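A.B. asks: This structure is in structure tokens; I'll ask about it shortly.
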Amino acid sequence: MKLHEYEAKKIFKKYGIDVPKSFLIKKGDDVELKEFDEAVLKAQVLVGGRGKAGGILFTNKENFKEKVEELFNKEIKGEKVDKILVEEKLRIKKEYYLSITIDRNEKKPVIIFSPEGGVDIEEIAEKHPEKIIKYYVDIKKPFLPYIGREIAKKAGVEIKVGDIIYKVYKIFKELDATLVEINPLVVTEDNKIYAADAVIHLDDDSYFRQDFSEFEEYKNKENLPFAYVELDGDVAVIGNGAGLTLASMDTIYDFGLKPACFLDIGGGADEETTKLALKKVLENKKVKGIFINVLGGITRCDEVAKAIVEILKDNPNIKFSVRLTGTNEELGRKILEEANIPYSTSMYEAGKRLAESLRFSL
């Protein structure tokens, strides 16, 4: 579960990490800039690369309302802006990068620090790997404050940065996070240190010991009868079974397509569940095509086919590709044929057909 920046910064403040003075505004609010002379307007959207996509604007008291309206009228990587965090503009002297995440290969949390932060951290990591410091945490031992200070010393930065590293790890551990990131962590001209940005991802599976009720994404979470994970591509992938759905994602990727989601309707999905799944993926306005891969066991192919026909009536411009085989496959194929919807019994052929139809339509 991703937190918005304003939510993450509330957590930072609670743990003693300084953040810029700020206030939150919602679309439709009539507000003025009284708190500071210059401000940064930050769209509260759950996408990466927000700054380069136009989601951060600088303003002052004279053009505040104009800039606010400009940002509210934008879409940042497909997300509409309905909240803006207004922050005091800092006088920045230095920028650092700090994150803690889980290294899946090492099966350990890893602290990543760089004395050069900012929007081009990926480029720094690629061109100057020596400027990236990694520290793997032994979860069997206590993580003590001196460890953070040692990391700061190794990086050649202010020792007080080590205290922030320690506090960030406390957040990571105590909140069951999968990612805590500050980019940039800044030193101002008056030598104060602030988290100028804040990213926190929490492990949904820790709900039984964490209180997520205050977070926006948790409040908006739907009680869906299937597993759904949104991704960055433009081709929705639907299958019945986690392994089959993952294989479907690999298949379309081999044809140069990028998955917009992972959606597993599970065993026994009926027409209504399949229709709900299709409606869900079509909420994502980036979706140009849908790859459906059903190997019917408990799931009946005719139920899936009827759902596809119904949804296509209202979405004739979306490119579909269907692989349908298993229980009641003859009846399912007949339903698709009567609606002039092509299908395949091969996952490879279905993926190839979708790739060709999308390229032809561009």
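A.B. asks: Quick one: net charge of residue 11's neighbours, Cβ under 12 Å, K/R +1, D/E -1?
C.D. replies: Details: positive: 9, 10, 13, 14, 167, 170; negative: 5, 7, 174, 214.
My count for the surroundings of residue 11 gives +2.
A.B. asks: Return the percentage of antiparallel bridges among DSSP beta bridges fully within the chain, rounded to the nearest 5 %.
C.D. replies: In the chain, DSSP labels about 70 percent of beta bridges as antiparallel.
A.B. asks: Quick one: 3J(HN,Hα) in Hz for the stretch 6-14, Karplus 6.51/-1.76/1.60 with θ = phi - 60°, rounded, Gly and Pro as x.
C.D. replies: After applying 6.51 cos²θ - 1.76 cosθ + 1.60, I find 5, 6, 5, 6, 4, 5, 4, 4, 4 Hz.
A.B. asks: Around residue 176, what is the net charge, scoring Lys/Arg as +1 and Asp/Glu as -1 over all other residues with Cβ under 11 Å from its Cβ?
C.D. replies: -2
A.B. asks: Compare 201, 4 by solvent-accessible area with a 1.4 Å probe and give them largest first, with all protein chains kept in place.
C.D. replies: The ordering from most to least exposed comes out as 201, 4.
A.B. asks: Still on this structure, I have one more. Want the number for residue 310 to residue 92: 0.36 nm per residue separation, take away the alpha-carbon distance, what's left?
C.D. replies: Values: separation 218, 0.36 × 218 = 78.48 nm, distance 5.60 nm.
Here the answer is 72.9 nm.
A.B. asks: Relative to the longest principal Cα axis of the chain, at what angle does helix 271-282 sit, 0 to 90 degrees, rounded to 10?
C.D. replies: Once rounded, one gets 40 degrees.
A.B. asks: Pairs of Cα atoms under 8 Å, at least six residues apart: use those to get the relative contact order of the chain, whole percent.
C.D. replies: Values: 697 pairs, mean separation 45.6, N = 362.
Over the chain, the number comes to 13 percent.
A.B. asks: By the scheme Lys and Arg +1, Asp and Glu -1, what is the net charge of all other residues having a beta-carbon under 12 Å from that of residue 155?
C.D. replies: Computed value for this residue: +2.
A.B. asks: Quick one: which of 329-335, 176-182, 59-65 comes out on top by average Cβ neighbours within 10 Å, and what's the full order, highest first?
C.D. replies: Working: 329-335: 17.4, 176-182: 21.1, 59-65: 14.4.
Ranking the peptides 329-335, 176-182, 59-65 by packing returns 176-182, 329-335, 59-65.
A.B. asks: What is the gain in length, in nm to one decimal, between residue 73 and residue 136 on full extension, counting 0.36 nm per residue of separation less the C-alpha to C-alpha distance? Don't skip to the answer; put the middle values down first.
C.D. replies: Values: separation 63, 0.36 × 63 = 22.68 nm, distance 4.29 nm.
Contour length minus Cα-Cα distance gives 18.4 nm.
A.B. asks: Let me ask another. Give me, ordered by chain and number, the residues 5 or more places off residue 327 or on other chains with an amide H under 5 Å from its own placed amide H.
C.D. replies: Here the answer is 296, 297, 301, since their amide H atoms fall under 5 Å of that of residue 327.
A.B. asks: Mind checking the stretch 198-273 for GluC sites (Glu not before Pro) that DSSP puts in a loop (not H, G, I, E or B) and that have at most 15 other Cβ atoms within 10 Å?
C.D. replies: Working: sites: 214, 216, 217, 222, 230, 271, 272; in loops: 214, 222.
Sparse-neighbourhood loop GluC sites (Glu not before Pro): 214, 222.
A.B. asks: Which FRET efficiency value, to the nearest 0.05, do you get for residue 214 and residue 82 by plugging their Cβ-Cβ distance into 1/(1 + (r/R0)^6) with R0 = 22 Å? Kindly include the intermediate steps, with their values, before the conclusion.
C.D. replies: Numbers: r = 18 Å, r/R0 = 0.82.
For residue 214 and residue 82, the calculated efficiency is 0.75.
A.B. asks: While we're on this one: Residue 103's amide H: which non-local residues (gap 5+, or another chain) put their own amide H closer than 5 Å, with H modeled 1.01 Å from N in plane and none for Pro or chain starts?
C.D. replies: 108, 110
A.B. asks: Still on this model: Among DSSP beta bridges lying fully in the stretch 214-280, give the percent that are antiparallel, nearest 5.
C.D. replies: Percent antiparallel among DSSP bridges in the stretch 214-280 is about 45.
A.B. asks: Quick check: at a probe of 1.4 Å, how many percent of the accessible area of the stretch 222-269 sits on carbon and sulfur atoms?
C.D. replies: Its accessible area is 50 percent carbon and sulfur atoms.
A.B. asks: Put +1 on the Cβ of every Lys and Arg and -1 on every Asp and Glu Cβ in the chain; which of 53, 147, 101 then has its Cα farthest towards the positive end of the dipole?
C.D. replies: 147
A.B. asks: What nm value, rounded to one decimal, do you get for the distance between residue 176 and residue 246 when each label is placed 7 Å out toward the C-beta?
C.D. replies: Inter-label distance under the simple model: 2.2 nm.
A.B. asks: Residue by residue, what Karplus-based ³J(HN,Hα) values in Hz, rounded to whole numbers, does the stretch 166-174 have, using 6.51, -1.76 and 1.60 with θ = phi - 60° and x for Gly and Pro?
C.D. replies: 4, 5, 5, 5, 4, 4, 4, 6, 6
A.B. asks: I need the phi-derived Karplus couplings for the stretch 147-161: 6.51 cos²θ - 1.76 cosθ + 1.60, θ = phi - 60°, integer Hz, Gly and Pro marked x.
C.D. replies: 5, x, 5, 5, 5, 4, 5, 5, 7, x, 10, 3, 4, 5, 5
A.B. asks: Under 20 Å from the 7 Å Cα→Cβ point of residue 144, by amide nitrogen: which residues of the stretch 173-191?
C.D. replies: Inside the label zone: 173-174.
A.B. asks: Could you work out how far apart the two model spin labels at residue 128 and residue 13 are, taking each label as a point 7 Å from the Cα in the direction of the beta carbon, and quote it in nm?
C.D. replies: Going by the 7 Å Cα→Cβ label model, 3.4 nm.
A.B. asks: Using a 1.4 Å probe on the protein heavy atoms, what percent of the accessible area of the stretch 282-328 belongs to carbon and sulfur?
C.D. replies: The nonpolar share, carbon plus sulfur, comes to 47 percent.
A.B. asks: If I compute mean projected area of the Cα convex hull in nm² from the structure I just sent, which labelled value in (1) 17.3; (2) 21.0; (3) 25.9 lines up?
C.D. replies: (2)
A.B. asks: Ok, one more. Taking amide H atoms as placed 1.01 Å from N in the peptide plane, list the residues 5 or more away in sequence, or in a different chain, whose amide H sits under 5 Å from that of residue 117.
C.D. replies: 95, 96, 97
A.B. asks: Further question on the same structure: Using the heavy atoms of the protein chains alone and a 1.4 angstrom probe, what is the accessible area of the chain per residue in square angstrom?
C.D. replies: Counting only protein heavy atoms, the per-residue value for the chain is 53 Å².
The values are calculated or read from the model by the stated rules, or taken from the named source; none is laboratory data. Only a predicted model underlies this, so the values are computations on that prediction, with no experimental measurement involved. FYI the Cβ positions are ideal-geometry reconstructions off the backbone, even for glycines, and counts take in every protein chain you see. Heads up: the accessible areas ignore ligands, DNA and RNA and are worked out on the full protein's heavy atoms, side chains in. Shrake-Rupley method; radii C 1.70, N 1.55, O 1.52, S 1.80 Å.
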